[in-house]
Structure formats: structure tokens, C-alpha cells
Amino acid sequence: MVHEDVLDNGLRVLIQEMHTAPLASVWCWYRVGSKDESTGQTGVSHWVEHMNFKGTTNIPRDRVKGIIEQFGGYWNGYTWIDQTTYTETATRDALDRMLFIEAERMTNCLYDPADCESERTVIISELQGGENDPDTLLDQELTATAFKAHPYRNPTIGWLSDLETMTRDDLYGYYRRHYVPNNATLVVVGDVDAREAMRRVTHHFGGVPAGDVTRRPHTREPEQLGERRVTVSRQGTTAYLKIGYHAPAAADDDFFPMVVLDAVLTGAKGLNLWSSFRTPPPQRSARLYRALVDTGLASSVSGGIVPTLDPFLYTVSLTATDGTPLDRLEEAALAEFDRVRTGDVTDAEVRRAARQLRARLVFENDCITNIAHQLGYFQTIGSWRTAETLRQRIEAVTLEQVVGAAAKRLAPVKRTIGRFEPVPAAE
Amino acid sequence: MTTTIQRGLAPARTVLPNGTVVIAKHSPTTPAVTIHASVRAGGEFDPSDHVGLSHFVSKTIDRGTATRTAARIADELDDRGVSLSITVNRHAMWLVCTCLVEDLEAILGLLADVITHPVFPRDEVETKRGEIITLIRQDEDNPATMAAEGMLADLYGSSHPYGRRPRGSVESVETIDEGALRAFHGERFRPASLSLVLVGDTEAGRAIDAAARAFGEWAAAPPAASSLREVAAATARRARVIPMMTKSQADIAYGFTSLRRSDPQYYAYWLMNNILGQYAIGGRLGDRIRERDGMAYYALSALDANVIPGPLTIRAGVSPDNVDRAVAAIDEELQTFANDGPTEKELTESRQYLIGSMPRTLETNLGIANYLQTEEFFGLGLDYDLRVPDLLGAVNRDAVRAVAQRTLVPSRATLVVAGPYAGRLR
């Protein structure tokens, strides 16, 4: 059972007791991500996330290292398009330490100018490491092509020139604007007493003042009127193909039918951004696997639709088998999309996809960290209660809904095709 | 058959009459069971003219049996939401999946069929050959992989199982046919080379009974023993550059041979590695290269103490302009560690971390299964989880310093840089 409370300063608190292991997991979520960034400041959300591991007024810089590890714990964070989050999982006796860290992170981070400069090159290194991977590079180009207006077009890590020019004051100003309790959700799951945990949350966060959460108006992406294409030509050994369609937002009636459709096409992944993509999906009987991988045209296929606040992308990624021309792979892939778009989906496929998704939802709830993630994630894009109804929502999807979503969402004029064409190394 | 039950993690372990080891642990967190099968059929057993054979087997073993087509296997797995992951390392092939409790018997039966009666159909082999060649080409385009594989080749020699590319080369993969795959399976897949771990929401006794029903009838003589040879530690520094000039970032792989997993000094070595390149974000190396110098997104070390002395590998990804500075920083950190050893605070904190993180490691079915499989592979004993705190507690600063002095010697390091680097690596 989830205990929900909202402090006077607006901090939403979600606590769930789970006594399966002597552990506790804390996640602190902020409703700020790369969609909230301005031109010239792309990447600021992610850079701020990095800076929030570099000491606070009451956690000196040289005391950061080991502050959770001493408890056998693990801590991390991530930034994505709609949210930024921080997590610790450690033995239950570290709960107070974890809450203290998150309260400090919300209020007292230092942003030492030298640390900001040092982190600039770390993040540029992270960006360059991603550019070494053709698949990552192509994904970035595809997304930027599929969106003309909505800030989802920008990579979460930012564009290089912005990373080179942003200042410490840009970072600190952004931190102060968005890191306020009324823009946050705190989640605690594990071997804790809910009432005592709530008391400690109030102790650490109750005195933090609320802020003025001014929302930057988001542009609605205009309707796409024709197929778009982007080709990346770079030295490499392997060709890649990506096909992206505008996807429904999590709150859209088409969202769960599209999740089921993705399972039909590429295998069921589950809906946990933290854990679902770490294990391969059951996909050997999936449409695109049988049509493209079993036939030897592609060496891999993957599909991804994730819950987002605004409409994002449903992207299918393919690696061309050595020697397969991209045109041939593209033709075969589009033929499969056309089949499902014109109604060629069976009830048996939909039922199998639902069974797969049901099993994946069980598998991905195997630890407190994953369970806590889901509560906070869905709260940042709507309500945590969605996390508790995923199974029912998936099982309620009908064949007609899947066929309808495919017809509406997979229209050729709404797709963007990205190709990575490798240029052989010079002799 | 005899069953031993221990306290602590308390798995039940059984050796079936045919030699297969079955280990089961009841864990009721979710209504699911993780099945982890390990067969001693790793890359060390690849013939020298068929490097990559074990990897090829891992890609094709589940593509048809004497009684099931590849499509039927796919349907039986996918209908239950099960993804069978098959991976291979130098010593073992792992077949791992998680299923709902209600599907345990059916999935165990399917897995037994895959392990004991694969047929390697020609059309499936040809399709998979294309996939494997694509994977090899992708590796050749990846600076991190090229640096790591290059360093291991220089450290162990390119014909040693630890120095060979795990997937082989395009040329070696081209020569592997169904006959070679069947021969490898016949030689290495024997009841006595299989250990099966089952962790999940089913009583240990019932899990063992189910495993016995699935694998108990399998009969064959034990496989030939491993003849892996140890290599001499390097006596001089070796440095090599693999130019990949159109990439954005350079990857550094820097390493030494370490020690056997059974070496009594392993625990001092484990702590040394944690302090050097693991603790918090990359230990001392992460502190220096990422946090203080801002040169890299990642800088860390990894220890692979194994049946022979495996590699201690230091990795970092840096801008090409920072390669020389990063290598100098690694040299300096190693030298300082070797000279001074760890501080008492570092030793205490790393020890607390390694002991304190065990509940987290053992929280999930898969985490427990991996742990039990490692216990079995190295013969650590079913009470190993109970003994770890004392084994780490017995290590003092002098012991860590001694292993650091023996190992962390920059003048005997082997390093490879892959990426857009045009300097003169030293």
C-alpha cells in the first residue's frame, strides 16, 4: 500500500513498506528535464544533475565520496526529457542519511566555479563518448528531424556549443528555479515503518520554503505533413536504420494500445525506464524479428515507446546485417509497418503481447529500487496511481484499439526515417 | 542423490547421479523463478583454427532441437514472456531466463531440450553467421572494445584464450560449419559440466525435483579437463595505438595480469581494486581523472581473478587532447598507491561497502542466482556469503600495500589507446 502525503511546502511524499530485504530505496524527482531548456542552454538540466553530486553547505566536497557507500549503498541520478531524479538504495539504517542527502540536494548545493568548469569537460567527454556510437548519433539526428518545434528535439546531454558557453550562473539560476519542494516528489520504498519514515521526511524537508514554479510554455509540435528523412554519413563498418513515428503521450487513449502494438512488432519490454531495457525482450516470434532478423536482413531489431508528458516518438531501430543494402532493409521494414497499419494484426498476437507484458511487469518489480522508480516516474508525468494499474490497462487493450492506433499512428506521412551510411576507412 | 542445506543464504545443493549440480534457493519476492544454467563450454575450448566457436554455439544452440523447430522454441518462450539470454565467457556458457512460477516445469523442459539435443540447422547457422559477422564489424568500429581487446591480446598473446577476440574474426567465423558446432557441443555439453541454479518463489525441494526430471536422464561421460596455461607477468612497459581518427573520443585500456581466484591474497587484491578504481565513482582513479582533472566521463578499474591470473584492467574515455595527461595521471596514481598503500579510512570504507552491499546484491532472484553460480564455479562453498565479512576483515593495510607493490608497477604496464589520437604513446 502506498502512503501519500503532501507537506505544506508542496512536497509530495510517497511511502511504501516492503519487508522483503533489509533495504530502503529513496528517489527524489523533479519535474524538470530537457524539454524545459531554452535555446543556448540545452543540456543545462543534465549538467545541473551532475553539479548536485558535488557537495552542499552541510556535506563538504571532500565528504561526498562514500557518504552512501559506507552503508553498502548505491546512489545515482538521471536526466531525461520530462524529469530529473536522484536515487539511493542502501541498508534500512541509512534511511535518515538518504533523506538528509536529498534535502541538502534540494536546498544547499554549492556550484563552486572550479567544479563547474571541471564538470564542463566531463560532460563534453560524455557527449563525445556517445558520438563514438553510430546508433546514438543516428538517434539524436532522427529525433531532431522528427520534431520541428517541440523541445523534445534537443538531446538531453545538450548541443556542444551550449556546453562550451554556459556559465556557472546559468547553472545555479536553473537549479534555484526548479529545485523547490512544490516541484518535487519524494519516494521511499523498503523495509521501513511508514509513519516513522514520514516523520523523518517532515524533519528534513518541512522547513524548505516553496518556490515559484513558473512553467515555460511548451510549443505543441505541429502536425507532420510528409515523410522526413535524415542520413548520417560517417566512417564506420555497419549500416543502421531507424524509423520513428510520433507517439501518443502517456495520458492519451492510444498509449497502451501502442505499447501492445510495439510488443507485437518487436517484443514486450515493460514500462520501467530504469530497468526494462536492461534485459532483452522476448522477441523471437515478434513480427519485425521474424521478417527482418530471421531472414538475415538485420542483425538486430528493437522498438521503444515510453511514457512521456507530451507526445514523443515510437522508434524502431535496426542494424543491417553485413552486406545488406539499407534500401532493401528499409523496404522490408516499411512493408511490415504497412501490413499492421492496414489492419493485419490478429487477436492471438494481441493476447500474446498482453501475456508477455504481464510477465515483464512481474519481472521488473523484483526489487525496491524498481518499484520506487515507477511511483516517482509516473508522478512526474501524471499520477503515481498509473503505476499501480499498468497490468489492468494492458489487459484491457482490445484488438480494435491496436488496429485503430496502428492506422492512425503509423501513417507514412508521420514518419521520419534515419539512415547511418558507413563510409569505409580511407586506404 | 544427496542434499546439503546450509544456514545464511541457505541454498540447497544436489548432485544428480549423472553429475549435474543443482542448486535451489526459495525467494518469494515475486511469483517468478530465475533459471541459471552454466555449462563449462567457454572460449578457452575454442580450437585454434575455429576461434569464436563457443560464441557461435551460444548464438545457435537455441535454434532447433531434435524435436522442436526454431519457430516452435520461439513460440514456447515468447508465449510466456520469457527471454532466454545465452552468453559465453572464457570458461562457461550461461543460459539464463526468468519465468512465472506457473511456467517453471515447461521452461525447464524446454531448456533441457536446448542444452541436450540441439541440431544446429544449416539455414539457422547461416543466418546467425551474418549476425555474428555484423557484431564483429561493430566491435571493430568501437574504440572502447578495440582498446580492451587490444590490451588483452598484448597482455596474454593473441593466440591465448584470454588474448583472443571472444567472437573470433570474420575469417575464423567464415570457416565454422554445422559439423564444428555439433562437435563442440558433443565434447563440452555433458551432465558433469552443467550446474543449474534455480531461485524464486518455489520451495527448494520442488525446484530440485523439477530439475531432476528435466535433466536426470541425460547421460554422458565427463568432459575433458581444462588445460589453460598461465602466462608470465610482463617485465616491461608496452604501449600501442589503434588509430580511429574519425571518432570523437579516445579510449584507454591499461592493465596487468593479476592473480588466481583461489589465491589467499585475493581478498587484499579485491580491496585494492575497490579502493583504486571502484569505490564511489571510480575510486582513486575516478577522483583524480574525473572529479579533480575533469578529463573523463568514466575512469575505473576492474579485477578478473580467475582460474588463471586474469587481467586487472584500468579504463578511461578521454578527449584525444587529454590522452597523455590521463595516462600520466594513471601512472602517478598507481605509483602513489604502490608506495603508500591505502589509508586506514579507505580500507575501512571499502570493506564496509563490500560487506554492506551484499543485501543489495542478493535482493533479486537474478542477483542471487549469479552469486550462487559464482560460488559453484570457484568452489567457494555454500556458506561463502557468511564467511565474506571475516575474509575481508582479516585484511590489513600492509596486505593491500603488498599486493599493490607487486602489481601496480607502471614500468610493467600494458596499454592500448584506440581513437582519434595521433600522439606518441609511452
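The values are calculated or read from the model by the stated rules, or taken from the named source; none is laboratory data. Treat the numbers as computed from the prediction; the structure is a model and nothing was measured. Counting neighbours? That spans all protein chains shown, and the Cβs are built from the backbone with ideal geometry, glycine included.
Within the stretch A:109-124, is even one residue within 21 Å of the chain's Cα centre (by Cα), facing another protein chain (nearest Cβ under 10 Å) and in a strand (DSSP E or B)? No, the conditions are met nowhere in the stretch A:109-124. Among the residues of the stretch B:396-418, is there at least one that is assigned by TED's automatic domain parsing to the domain that holds B:Asp324, without any contact (Cβ under 8 Å) to a residue 40 or more places away in the chain, charged (D, E, K, R) and within 19 Å of B:Asn306 (Cα to Cα)? For the stretch B:396-418, residues assigned by TED's automatic domain parsing to the domain that holds B:Asp324, without any contact (Cβ under 8 Å) to a residue 40 or more places away in the chain, charged (D, E, K, R) and within 19 Å of B:Asn306 (Cα to Cα): present.
With respect to A:Phe53, determine if the residue is closer than 20 Å to B:Thr348 by Cβ, touching a strand residue (DSSP E or B) at 6+ places or on another chain (Cβ under 9 Å) and of a type outside the set (D, E, K, R).
Values: closer than 20 Å to B:Thr348 by Cβ: no; touching a strand residue (DSSP E or B) at 6+ places or on another chain (Cβ under 9 Å): yes; of a type outside the set (D, E, K, R): yes.
Answer is no for this residue.
For the stretch A:125-147, the candidate set comprises residues that are aliphatic (A, V, I, L, M) and within 12 Å of another protein chain (Cβ to nearest Cβ); within that set, the residue that is farthest from B:Asp139 (Cα to Cα) is A:Leu127. Within the option set B:Val114, B:Val170, being of a type in the set (Val, Ile, Thr), over 30 Å from B:Ile314 (Cα atoms) and surrounded by fewer than 22 Cβ atoms within 10 Å (Cβ to Cβ) holds for one residue only, B:Val114. From the list B:Asp49, B:Asp78, the lone residue that is without any contact (Cβ under 8 Å) to a residue 12 or more places away in the chain and either buried (at least 19 other Cβ atoms within 10 Å of the Cβ) or away from every other protein chain (no Cβ under 13 Å) (or both) is B:Asp78.
What helices (runs of 4 or more DSSP H), lying completely within the stretch A:270-387, carry at least 2 residues that are facing another protein chain (nearest Cβ under 9 Å) and in contact with a helix residue (DSSP H, G or I) (Cβ under 8 Å, 6 or more places away or on another chain)? Of the helices (runs of 4 or more DSSP H) lying wholly inside the stretch A:270-387, those with at least 2 residues that are facing another protein chain (nearest Cβ under 9 Å) and in contact with a helix residue (DSSP H, G or I) (Cβ under 8 Å, 6 or more places away or on another chain) span A:347-363.
Residues in the stretch B:349-384 that are farther than 24 Å from B:Cys97 by Cβ and buried (at least 16 other Cβ atoms within 10 Å of the Cβ): 13 in all.
Can we say B:Ala10 is surrounded by fewer than 22 Cβ atoms within 10 Å (Cβ to Cβ) and assigned to a loop (DSSP other than H, G, I, E, B)?
On the way: surrounded by fewer than 22 Cβ atoms within 10 Å (Cβ to Cβ): yes; assigned to a loop (DSSP other than H, G, I, E, B): yes.
Judged against the criteria, B:Ala10 is a match.
When the stretch A:388-416 is filtered for residues that are assigned to a loop (DSSP other than H, G, I, E, B) and surrounded by 14 or more Cβ atoms within 10 Å (Cβ to Cβ), the ones remaining, listed by number, are A:Val397, A:Leu410, A:Ala411.
Please work out if B:Leu382 is within 14 Å of chain A (Cβ to nearest Cβ), within 30 Å of A:Ala90 (Cβ to Cβ) and out of contact with any His (no Cβ under 8 Å at 6 or more places or on another chain).
Values: within 14 Å of chain A (Cβ to nearest Cβ): no; within 30 Å of A:Ala90 (Cβ to Cβ): yes; out of contact with any His (no Cβ under 8 Å at 6 or more places or on another chain): yes.
When the stated conditions are applied, B:Leu382 does not pass them.
Results for (1) polar (S, T, N, Q); (2) within 14 Å of chain B (Cβ to nearest Cβ), shown as yes or no for each residue.
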site: A:Asn182; (1), (2): yes, no
site: A:Gly207; (1), (2): no, no
site: A:Pro217; (1), (2): no, no
site: A:Arg228; (1), (2): no, no
site: A:Thr231; (1), (2): yes, no
site: A:Tyr240; (1), (2): no, yes
site: A:Tyr245; (1), (2): no, no
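Counted as qualifying within the stretch B:47-156 are the helices (runs of 4 or more DSSP H) with 3 or more residues that are at pLDDT 95 or above and among the acidic types (Asp, Glu), namely B:122-140. When the test is whether a residue is surrounded by fewer than 21 Cβ atoms within 10 Å (Cβ to Cβ), of a type in the set (S, T, N, Q) and either assigned by TED's automatic domain parsing to the domain that holds B:Leu16 or over 27 Å from B:Phe56 (Cα atoms) (or both), B:Ser226 does not pass it.
In the condition set (1) within 14 Å of chain A (Cβ to nearest Cβ); (2) outside any helix (DSSP H, G or I); (3) in contact with a Leu (Cβ under 9 Å, 6 or more places away or on another chain), B:Val416 is compliant with all but (1).
Consider B:Pro223 carefully, then state whether it is assigned to a loop (DSSP other than H, G, I, E, B), without any contact (Cβ under 8 Å) to a residue 24 or more places away in the chain and at negative phi. Don't jump to the end; show me each part of the working.
Numbers: assigned to a loop (DSSP other than H, G, I, E, B): yes; without any contact (Cβ under 8 Å) to a residue 24 or more places away in the chain: no; at negative phi: yes.
Criteria not met by B:Pro223.
The residues in the stretch A:63-84 that are under 26 Å from the mean Cα position of the chain (by Cα) and more than 12 Å from A:Ser25 (Cβ to Cβ) can be counted, and the count is 9.
Scanning the stretch A:194-222 for residues that are within 15 Å of A:Met98 (Cα to Cα) and exposed (fewer than 14 other Cβ atoms within 10 Å of the Cβ) returns A:Glu196, A:Arg199, A:His203. In the stretch B:246-258, the condition of being closer than 26 Å to B:Gly157 by Cβ, outside any strand (DSSP E or B), touching a helix residue (DSSP H, G or I) at 6+ places or on another chain (Cβ under 9 Å) and within 14 Å of chain A (Cβ to nearest Cβ) is met by no residue.
Taking B:Gly205, is it more than 30 Å from B:Thr30 (Cβ to Cβ) and part of a helix (DSSP H, G or I)? Even if it seems obvious, please write down each step before you answer.
Details: more than 30 Å from B:Thr30 (Cβ to Cβ): no; part of a helix (DSSP H, G or I): yes.
No.
For the stretch A:75-108, give me each residue that is of a type in the set (Val, Ile, Thr) and facing another protein chain (nearest Cβ under 8 Å). I'd like the intermediate steps shown before the answer.
We begin by selecting, within the stretch A:75-108, every residue of a type in the set (Val, Ile, Thr); these are A:79, A:81, A:84-85, A:87, A:89, A:91, A:101, A:107.
Once the filter is applied, which keeps residues that are of a type in the set (Val, Ile, Thr) and facing another protein chain (nearest Cβ under 8 Å), the stretch A:75-108 yields A:Thr89, A:Thr91.
Evaluated against (1) buried (at least 21 other Cβ atoms within 10 Å of the Cβ); (2) of a type in the set (A, V, I, L, M, F, W, C); (3) within 14 Å of another protein chain (Cβ to nearest Cβ), A:Val188 falls short on exactly one condition, (3). Residue count for the stretch B:298-338, restricted to those that are more than 14 Å from chain A (Cβ to nearest Cβ) and not hydroxyl-bearing (Ser, Thr, Tyr): 23.
Restricting to the stretch A:219-269, name every residue that is assigned to a strand (DSSP E or B) and either free of Cβ contacts under 8 Å to residues at least 24 places away in the same chain or not hydrophobic (A, V, I, L, M, F, W, C) (or both).
Filtering the stretch A:219-269 for residues assigned to a strand (DSSP E or B) gives A:228-235, A:240-246.
Listed by number, the residues that qualify are A:Arg228, A:Arg229, A:Thr231, A:Ser233, A:Arg234, A:Gln235, A:Tyr240, A:Lys242, A:Gly244, A:Tyr245, A:His246.
Each residue in the stretch A:407-427 was checked for being over 26 Å from A:Gln235 (Cα atoms) and in contact with a Pro (Cβ under 8 Å, 6 or more places away or on another chain), and 1 pass.
Would a scan of the stretch B:376-384 turn up a residue that is in contact with a Phe, Trp or Tyr (Cβ under 6 Å, 6 or more places away or on another chain), without any contact (Cβ under 8 Å) to a residue 12 or more places away in the chain and not β-branched (Val, Ile, Thr)?
First, the residues of the stretch B:376-384 that are in contact with a Phe, Trp or Tyr (Cβ under 6 Å, 6 or more places away or on another chain): none.
No - not one qualifying residue is present in the stretch B:376-384.
Could you please let me know if A:Gly296 is outside the structural domain of A:Asp82 (by TED's automatic domain parsing) and at positive phi?
In short, yes.
Can you find even one residue in the stretch B:386-395 that is basic (Lys, Arg), within 30 Å of B:Ala12 (Cβ to Cβ), at pLDDT below 95 and not assigned by TED's automatic domain parsing to the domain that holds B:Val39? Within the stretch B:386-395, not a single residue is basic (Lys, Arg), within 30 Å of B:Ala12 (Cβ to Cβ), at pLDDT below 95 and not assigned by TED's automatic domain parsing to the domain that holds B:Val39.
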